[in-house]
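Encoded as structure tokens, the structure appears first; notes follow it.
The values are calculated or read from the model by the stated rules, or taken from the named source; none is laboratory data. Source: prediction; values computed, not measured. Cβ coordinates were reconstructed from backbone atoms using ideal geometry, including for glycine residues, and neighbour counts include every protein chain displayed. Keep in mind that these areas ignore ligands, DNA and RNA; they rest on the heavy atoms of the full protein, side chains included. Shrake-Rupley method; radii C 1.70, N 1.55, O 1.52, S 1.80 Å.
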Amino acid sequence: MKKQKICIIGDGLSGLTAALALSNLDIEVDFIIKNIQEKKTSDPRITAISQSNFKFLIKYLDKKDAKLFWSCKKINLFYEKINYLYNFINFSENHKNLLYIIKNNDLKKIFLKKIKSKKNIKIINKEVKKVDTKNTCILLGKKSYVYDLILLCVGRSSKIISEFVGKRYIQKDDKEIALTSMVSHNINISDPRQYFLKEGPLAILPINEKNFSFVWSVSNKLKTINTKDLVYNKLKKILGNKTNINLNEIVTFPISFKFNSIFSKNNSLVLGDGSYNVHPVAGQGFNLIIRDIIKLFQFIEYNQSLGLPIRDSEIIKKFVSSRKPENLLFGLGINLTNSFFKQNKITSPIKDFILKDINKFNFLKEISIKISDKGIFQSLK
Ligand SMILES: Cc1cc2nc3c(=O)[nH]c(=O)nc-3n(C[C@H](O)[C@H](O)[C@H](O)COP(=O)(O)OP(=O)(O)OC[C@H]3O[C@@H](n4cnc5c(N)ncnc54)[C@H](O)[C@@H]3O)c2cc1C
């Protein structure tokens, strides 16, 4: 059989992960990157990767790259009461690592370095203007290129995606933004924390004991005020007034829950933020994407083991029916969690009652850890 050829468009975390993982199969990959020269200094985010997803990724990286990940064995959750922060739940699992935290820029750098070393990946530095899903081909300049499979990893605001999906999506837009930045400090913080504050959830993700990144989801109305002062004062309140804090420039990201009803057409498949966006409160966006890529890898590998082609096969159908329900459930569950913690005079007494003893329910904590690690269906097996 002729060597199968796939095209991966977009070099965000989805495209890079797909290229890195799928290039380990017996296929050729064209990896299309926009504006490689001016790349990509400006992603200030940090990503927390679950234990099983980390195990999948690290197989494809160099041993020394593992040092860039900060591993964490505990996660503590707090709820803001009138005068204090109530630590209502602590997650840990027999001293096992729960999360691996890394700067997005470092992750992209090590992925790209590895991709460049692969003989079966051709990196093409061009913007794709058109994808012809009927003939599984793309237009680059005046030339068109035909593939067995096209993966669109072009993010949430790409024109290609809006043409692909049209108006077929569900969306819940609470008019929120995520504020994020790096913080250095003089105390020791080695594990992640999530604070459900009256303005919205604030996650602290350490990259070492003296530096962390935070993601604070707040109403977009706060964008007009001095966010640096707001964040500084809030962090002082959380970490104690005596703590010295050094705050980098704050960057904002739009957030909303969006789920496209169309993931695929013929032999083209959308992966990553182009297919769904989940609220960052649970740090699950990229983790869902990694699970999607693991599934796609398994389906292609299985087809290849039977000597079947990728093009016009059952791969995309099987992928969509296995991943779409899980991703939708996850997105809705995360939204529900976010709504539950919103401060409200009527529901607060019920919330206080639920949260009071929740830390004693070990089975609930075990299930939550499993689901965040492996996803819903995999952890029920
Ligand atoms: C504040 C915040 C914090 C987060 N924290 C976490 C976390 O802790 N854990 C977690 O799991 N997830 C997290 N997420 C989610 C995660 O960051 C995203 O899901 C992920 O980065 C999406 O990557 P992507 O590749 O799909 O999209 P993008 O990052 O948008 O990448 C798309 C790429 O496609 C390229 N492109 C677009 N159009 C074309 C074209 N026509 N031709 C060629 N290239 C093109 C663009 O240049 C870009 O590089 C967070 C999200 C936010 C907003």
GNM on the chain, Cα springs under 10 Å; top mean-square fluctuation among LEU230, LEU197, LEU205 goes to LEU230
One would report the antiparallel percent of DSSP beta bridges in the chain, rounded to the nearest 5, as 70 percent
Here the gain from full extension of ASN266 to ASP312, 0.36 nm per residue of separation minus their alpha-carbon distance, amounts to 15.8 nm
Excluding near-sequence neighbours (fewer than 8 apart on one chain), region 286-363 holds lysine pairs with C-alpha atoms under 26 Å apart numbering 9
Across 5 Å bins beginning at 0, the whole-percent shares of Cα-Cα pair distances in region 243-332 come to 2, 12, 21, 19, 14, 10, 7, 5, 4, 2, 2, 1, 0
Residue-ordered couplings for region 357-374, obtained by feeding phi - 60° into the Karplus form 6.51 cos²θ - 1.76 cosθ + 1.60 and rounding to whole Hz (Gly and Pro as x), are 10, 4, 5, 7, 8, 5, 5, 5, 5, 4, 5, 4, 4, 4, 5, 5, 7, 10
Candidates PHE31, PHE286, PHE56; GNM for the chain (alpha-carbon contacts under 10 Å) flags as most fluctuating PHE56
Taking region 323-366, the whole-percent share of alpha-carbon pairs separated by over 11 angstrom is 73 percent
The relative contact order of the chain, taking Cα pairs under 8 Å that sit 6 or more residues apart, comes to a percentage of 20 percent
The answer for the chain, accessible area per residue at 1.4 Å probe in Å², is 50 Å²
Tilt, helix 13-22 to longest principal axis of the chain (alpha-carbon atoms), in degrees rounded to tens, equals 50 degrees
Taking Cα atoms, the helix 227-239 axis meets the longest principal axis of the chain at an angle in degrees (rounded to 10) of 60 degrees
Phi-derived 3J(HN,Hα) across region 192-202 with the Karplus relation (6.51, -1.76, 1.60, θ = phi - 60°), rounded Hz, x for Gly and Pro, is x, 9, 10, 10, 8, 9, 5, 7, x, x, 10
Among ILE33, ILE49, THR17, the residue whose Cα sits farthest towards the positive end of the charge dipole of region 17-152, when +1 is placed on the Cβ of each Lys and Arg and -1 on the Cβ of each Asp and Glu, is ILE33
One would report the Cα pair-distance distribution of the chain, bin width 20 Å, in %, as 27, 57, 16, 0
Stokes-Einstein D for region 1-108 (4 °C, 1.567 mPa s, Kirkwood Rh from Cα pairs), in µm²/s, comes to 77 µm²/s
Counting only DSSP beta bridges with both partners in region 2-127, the antiparallel fraction in percent, to the nearest 5, comes to 60 percent
One would report the Cα pair-distance distribution of region 228-283, bin width 10 Å, in %, as 18, 29, 23, 17, 11, 3
Expected sort for 357-367, 331-341 on mean C-beta neighbours within 10 Å, highest first, is 331-341, 357-367
For the chain, the dipole about the Cα centre with charges only on Cβ (Lys and Arg +1, Asp and Glu -1), to the nearest 20 debye, works out at 380 debye
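Per the 1.4 Å probe, what fraction of the accessible area of the chain, in percent, lies on carbon and sulfur atoms?
Its accessible area is 54 percent carbon and sulfur atoms.
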Region 78-212, convex hull of Cα, quarter of hull surface, nm² -> 14.1 nm²
With region 136-295 reduced to its Cα atoms and the Debye formula applied, log10 I(q)/I(0) at q = 0.08, 0.11, 0.13, 0.17 1/Å amounts to -0.33, -0.58, -0.74, -1.01
Given 304-314, 65-75, the highest-first ranking by average Cβ count within 10 Å works out to 65-75, 304-314
